[in-house]
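S.K.: After the structure tokens below, expect a handful of questions from me.
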Amino acid sequence: MPSPFDRYGADVLSPQAKAARKPVVTELPLALDLVLEDPSSGFVGAVIRWENGLVVLEDRRGKRRSFPIGPGFWVDGKPVTVVMPKRTAAGAERTRSGSRAGTPTAAKVALPSRIFVEGKHDAELVEKIWGDDLRHVGVVVEFLNGIDDLPAIVDDFAPRPGRRLGVLVDHLLPGTKEWRIVEQVNAGRYGEYTFVTGHRFIDIWEAIRPERIGRAAWPQVPKGQDWKTGVCKQLGWPHASGADIGKVWSSLLGRVRSWDDLDTRLLTEVEKLIDFVTADHPQ
């Protein structure tokens, strides 16, 4: 005779027993920075974008993977089905840069115009905040490893109407070697269709508001000392190798959720670049 505490008796294969064992799966609208787990692969990452029926996740090491939108995810150890977020009547959904997100459209062919960004970390930050906007207008961002050869790079690109070139330079200060290189480019044959600007931060890390690391200001690093290493030392972060610095950067980048986490001086320069390279292309 079944126990009075056994709701379904001894028949564990009964429909009632199966229903009792079946986990409850809830629907969860997609949102930026929502952390999802794909249990089949073990991949865990934060949502960075969704398009064409796919959601793109980025893990804490910066690795990205795409998955079909729908069932099969876990959040906090519980199964969920991720769904497209509902648009408000006013269409209030916005990108990380603060721009109003447009209606999803077919992927655009990249424009001839380009934006080059000096510095790997700089390029990754631009991609995270402005990536959706740039894909919407069809502009590709390319990583530039130093600007010593910038005049030759510009000559090789050969900017012209409809094929503009924007360049974001790291730590651009008047009177420096980099400043003179930029002046040379501006005065060159392609100056009219090339726009070079830069930020004055010692390192792009400094463009992240210090509140995101729980401080009122970034540490002061003595001249002659590598800035990233000095910052990590003062804050007690790993810094013994390039791999350590890379892990710290991945953590910092993960704390940047939107334009509101960045210094407005960087926002201004990047928006100028986007406006310049798209000037010949009606949206």
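The values are calculated or read from the model by the stated rules, or taken from the named source; none is laboratory data. Predicted model, so just to flag it, every value in this text is computed and none were measured. Quick reminder, even Gly has a Cβ in these numbers, built from the backbone with ideal geometry, and neighbours come from all protein chains shown.
S.K.: Is there any pair linking a residue in region 125-151 that is touching a residue at least 12 places away in the same chain (Cβ under 8 Å) to one that is aromatic (Phe, Trp, Tyr) and assigned to a strand (DSSP E or B), with Cβ under 8 Å and at least six apart or on different chains, and which?
M.R.: Here the result reads VAL141/PHE116; GLU142/PHE116; PHE143/PHE116; LEU144/PHE116, each pair linking region 125-151 to a residue that is aromatic (Phe, Trp, Tyr) and assigned to a strand (DSSP E or B).
S.K.: Within region 161-169, is even one residue at pLDDT below 95, farther than 24 Å from VAL56 by Cβ and out of contact with any Ser or Thr (no Cβ under 7 Å at 6 or more places or on another chain)?
M.R.: Checked region 161-169: at least one residue is at pLDDT below 95, farther than 24 Å from VAL56 by Cβ and out of contact with any Ser or Thr (no Cβ under 7 Å at 6 or more places or on another chain).
Conditions (1) surrounded by 14 or more Cβ atoms within 10 Å (Cβ to Cβ); (2) in a strand (DSSP E or B), marked per residue:
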site: LYS128; (1), (2): yes, no
site: ASP133; (1), (2): yes, no
site: HIS136; (1), (2): yes, no
site: GLU142; (1), (2): no, yes
site: ALA152; (1), (2): no, no
site: LEU168; (1), (2): yes, yes
site: LEU173; (1), (2): no, no
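S.K.: Next up: Would you mention how many residues in region 220-231 are part of a loop (DSSP other than H, G, I, E, B) and under 14 Å from ILE204 (Cα atoms)?
M.R.: Total meeting the criteria: 1.
S.K.: Of everything in region 182-218 that's more than 30 Å from GLY230 (Cα to Cα) and of a type in the set (Val, Ile, Thr), which residue is farthest from the chain's Cα centre (by Cα)?
M.R.: VAL185
S.K.: Go through (1) at pLDDT below 90; (2) not in a strand (DSSP E or B) one by one and return the number of the condition PRO71 breaks.
M.R.: It fails just one condition, (1).
S.K.: Can you tell me which of PHE201, PHE195, PHE276 is buried (at least 16 other Cβ atoms within 10 Å of the Cβ) and in a loop (DSSP other than H, G, I, E, B)?
M.R.: PHE201
S.K.: Tell me yes or no: at least one residue of region 156-166 is of a type in the set (D, E, K, R), within 21 Å of the chain's Cα centre (by Cα) and exposed (fewer than 15 other Cβ atoms within 10 Å of the Cβ).
M.R.: No, there is no match, as no residue in region 156-166 is of a type in the set (D, E, K, R), within 21 Å of the chain's Cα centre (by Cα) and exposed (fewer than 15 other Cβ atoms within 10 Å of the Cβ).
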